[in-house]
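Inspection log for the structure reproduced underneath, given as structure tokens.
No value in this document is a laboratory result; all are computed from the given coordinates. These numbers were taken from a predicted model, which means no experiment stands behind them. Cβ coordinates were reconstructed from backbone atoms using ideal geometry, including for glycine residues, and neighbour counts include every protein chain displayed.
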Amino acid sequence: MNNDYLVPQVPAAPDEYDPRWIERTIRDLVRVLEEMRETGPMRASTLFVSSLPKNGNQLRAGQVYNDAGTLKIASTNTGYAPTLVGTSALGTVTVVTT
């Protein structure tokens, strides 16, 4: 099993107060929190994402959106237009068939 993605276990506390153990534990926890903020590989068996935007308009590079059922990733230097829907009517049309 590859352990690259597992969070390290916190060692058991000593029976008596030990300031070195406290300092070491805090340092290890800070390191784990810093690693969690960094980009890197992700391992999962299931991913459920709801309420995704329908296009890349106003997204930062790397954010995902749902393009008609396809998961896409917004990239830099790409223009994304917002989705616009409109209808109008002008006059009448008569269709005659013979």
* Once Rg and Dmax of the Cα atoms in Å is worked out from the coordinates, which option in [x] 18.3, 48; [y] 26.9, 101; [z] 18.5, 55 does it equal? -> [y]
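Sort largest first and round to whole Å: the equivalent ellipsoid semi-axes of segment 19-73, each the square root of five times a Cα gyration tensor eigenvalue.
For segment 19-73, the semi-axes come out at 37, 13, 8 Å.
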* Taking springs between alpha-carbon atoms closer than 10 angstrom, which of 47, 71, 33 fluctuates most in the Gaussian network model of the chain? -> 33
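Could you work out the helix-only [θ] at 222 nm for the chain, with each DSSP H run of four or more residues adding -39,500 (n - 2.57) and the total divided by the number of residues, to the nearest 500 deg cm²/dmol? Mind showing how you got there, number by number?
Numbers: 1 runs with 19 residues, N = 98.
Helix contribution divided over all residues of the chain: -6500 deg cm²/dmol.
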* Cβ-derived FRET efficiency at R0 22 Å, residue 61 paired with residue 36, nearest 0.05 -> 0.60
